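Have a look at the structure below, then the notes.
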Ligand code: AMP
Ligand code: ZN
């Protein structure tokens, strides 16, 4: 997707420091952090949102989920972390490329 910011980041067209990367995902800091630690787990594949994900994406979604505790531990989030997946306009999604937010550090407000 040529006009997708996250595709451009994945492809290296927008220089971004990755906290972690593998063949399925990249992880980098959110540009407007809402917590001491605020990372984005972004699929390399352009899937617009969770609403468009299918059974074919099951192993990718499991991977995105299971990497969270490992990255949280590396970031020193020993007392826990929050995961957010905004989906669609009504869910507050700004960038239409599937991603998870990983938030933590300090006391997050009650949700
Ligand atoms: P969402 O509202 O779930 O689509 O979240 C998109 C997130 O991407 C927001 O929290 C933005 O602050 C973040 N963001 C947008 N552009 C960039 C960028 N170039 N680098 C890092 N984070 C970004
Ligand atoms: Zn994309």
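The values are calculated or read from the model by the stated rules, or taken from the named source; none is laboratory data. Since the model is a prediction, treat every value here as computed from it, not as a measurement. FYI the Cβ positions are ideal-geometry reconstructions off the backbone, even for glycines, and counts take in every protein chain you see.
One line per residue, one yes/no per condition, for (1) near ligand 1 (Cβ under 9 Å from one of its atoms); (2) in contact (Cβ under 8 Å) with a residue 24 or more places away in the chain:
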position: 4; (1), (2): no, yes
position: 10; (1), (2): no, yes
position: 32; (1), (2): yes, no
position: 58; (1), (2): no, no
position: 84; (1), (2): yes, no
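Take residue 68 and tell me if it is within 12 Å of ligand 1 (Cβ to nearest atom) and surrounded by 15 or more Cβ atoms within 10 Å (Cβ to Cβ).
For residue 68, the condition - within 12 Å of ligand 1 (Cβ to nearest atom) and surrounded by 15 or more Cβ atoms within 10 Å (Cβ to Cβ) - is not met.
Which residues, counting only those in the stretch 27-46, are farther than 12 Å from residue 100 by Cβ and within 13 Å of ligand 2 (Cβ to nearest atom)?
Result: 44, 45, 46.
Looking at (1) touching a helix residue (DSSP H, G or I) at 6+ places or on another chain (Cβ under 8 Å); (2) in contact (Cβ under 8 Å) with a residue 12 or more places away in the chain; (3) within 16 Å of ligand 2 (Cβ to nearest atom), which one does residue 96 not meet, given that it meets all the others?
Failing condition for residue 96: (1).
Return yes when residue 89 is closer than 26 Å to residue 3 by Cα, modelled with pLDDT of 95 or more and loosely packed, with under 14 Cβ neighbours inside 10 Å and no when it is not.
yes
Restricting the search to the stretch 20-30, which residues are within 28 Å of residue 110 (Cα to Cα), crowded, with 17+ Cβ neighbours inside 10 Å and touching a residue at least 24 places away in the same chain (Cβ under 8 Å)?
27
Hey, any hits in the stretch 8-16 for a residue that's in contact with a helix residue (DSSP H, G or I) (Cβ under 8 Å, 6 or more places away or on another chain) and more than 16 Å from ligand 2 (Cβ to nearest atom)?
Within the stretch 8-16, not a single residue is in contact with a helix residue (DSSP H, G or I) (Cβ under 8 Å, 6 or more places away or on another chain) and more than 16 Å from ligand 2 (Cβ to nearest atom).
Yes or no, residue by residue, for (1) closer than 27 Å to residue 15 by Cβ; (2) surrounded by 14 or more Cβ atoms within 10 Å (Cβ to Cβ):
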residue	(1), (2)
39	yes, yes
47	yes, yes
79	no, no
82	no, yes
